[in-house]
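Participant: The structure that follows is given in the form of structure tokens.
Derivation of every value follows stated rules applied to the coordinates shown; laboratory data play no part. Everything numeric here is computed off the predicted structure, so don't read it as measured data. FYI the Cβ positions are ideal-geometry reconstructions off the backbone, even for glycines, and counts take in every protein chain you see.
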Amino acid sequence: MRAWRRGHSGSAGFVPTMGYLHEGHLALVRRSCEENLHTVVSIFVNPAQFGPGEDFERYPRDEVRDLELLRECGVDAVYLPSAAEMYPHGYQTVVDVQRVARPLEGSARPGHFRGVTTVVLKLLNAVEPDRAYFGRKDAQQLRVVQRMVRDLDMAVEVVPCEIVREPDGLAMSSRNVYLSPEQRAAAPVLYRALCAARESYSAGERDANALRGLVGDLIYPTPGAEIEYISLADDRELDEIEGVITRPALLSLVVRFGQTRLLDNVELG
Ligand code: PAF
């Protein structure tokens, strides 16, 4: 990968993925193609960011289709390292972002962000891009990666990109494929609830508990939906806000349908 990069001077954009690409990924890829001379995409289902009992083994994969989609987008290179290349025998180094990685997904999935930041750093070291593109759907991941890049003085610009949604509002995710037809039909309630809270915020509601409650009340009656968390937190450090919202905030949630965890969020202010 590094040899390829050294042979291709000029700006490079990078989109790290775990494959099974959808329009959300392709929006990042297209933006990178617009903003850079070269675009590199990685496909690597990173074992280090899955906990015991999570879906690493059954995570959806379709490399042939992914490569075809990337070719159609005009991507210059696709990096497909193996797990043995990424974590060879004797491997023992991790990157562990602290405060912003601790709540929410960090607490629900211990070790997850350590796996993400470690692999993202390794991928960035291999690709040496000028810009790296991350979706806002994984809102905490974006903030954790931004923190790592600032703290470790990394020479890359992290470019946040808008969430891409299905026509009914469901945020695109490779894991949506796990949903049964009934679960898929019910899943847009997440975004409806977040939008209702955002409207209430725009109309002047600043009580964090009231907004969390509004989201919960809309989702709770949905058959098959189990709320894992609803968070209204400071947009930068993700400290939960109690009482009145006085600064930009992130309203995020995880709702489980069976074994499938769906994440979504909206930014307030
Ligand atoms: O968002 C993802 O798909 C993954 O967490 C990433 C950034 C590719 C690291 O494995």
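Participant: Divide by every residue of the chain the summed helix terms, -39500 (n - 2.57) for each DSSP H run of at least 4, and state the resulting mean residue ellipticity at 222 nm, rounded to the nearest 500 deg cm²/dmol.
Facilitator: That calculation yields -10500 deg cm²/dmol at 222 nm.
Participant: Summarise the long-distance tail of P(r) for the chain by giving the % of C-alpha pairs beyond 27 Å.
Facilitator: I get 40 percent for the Cα pairs in the chain exceeding 27 Å.
Participant: Which of the GluC sites (Glu not before Pro) across the stretch 116-214 are loop residues per DSSP, with 12 or fewer other Cβ within 10 Å?
Facilitator: Counting only loop positions with at most 12 other Cβ atoms within 10 Å, the GluC sites (Glu not before Pro) in the stretch 116-214 are GLU162.
Participant: Counting Lys and Arg as +1 and Asp and Glu as -1, each charge on the Cβ, what is the dipole of the chain about the Cα centre in debye, to the nearest 20?
Facilitator: Dipole about the Cα centre, nearest 20: 400 debye.
Participant: Further, regarding this structure: From Cα coordinates alone, what are the radius of gyration and Dmax values for the stretch 37-90 in angstrom?
Facilitator: According to the Cα coordinates of the stretch 37-90, Rg and Dmax are 13.5, 41 Å.
Participant: Okay, moving on. Starting from 0.36 nm per residue, how many nanometres of slack lie between GLU23 and GLN146 once their C-alpha separation is accounted for?
Facilitator: 42.0 nm
Participant: Tell me, Kirkwood radius of the stretch 71-218 from alpha-carbon pair distances, in Å?
Facilitator: 18.3 Å
Participant: What ranking, highest mean first, results for peptides 7-16, 140-149 when packing means the other Cβ atoms within 10 Å averaged over each residue?
Facilitator: Peptide ranking by packing, descending: 140-149, 7-16.
Participant: Here is a further query. In the stretch 39-75, whose amide N lies under 14 Å from the spot 7 Å out along Cα-to-Cβ of TRP4? List them in ranges.
Facilitator: 39-44, 67-68, 70-72, 74-75
Participant: Let me ask another. Evaluate E = 1/(1 + (r/R0)^6) for SER180 and ILE227, where r is the Cβ-Cβ distance and R0 equals 22 Å; express this FRET efficiency to the nearest 0.05.
Facilitator: The computed FRET efficiency comes out at 0.75.
Participant: Using 0.36 nm times the number of residues separating ARG61 and ARG256, minus their current alpha carbon distance, what extension gain do you get?
Facilitator: That works out to 68.0 nm of additional length.
Participant: Using DSSP, restrict attention to beta bridges with both residues in the chain and report what percent are antiparallel, rounded to the nearest 5.
Facilitator: Counting DSSP beta bridges with both partners in the chain, the antiparallel share is about 55 percent.
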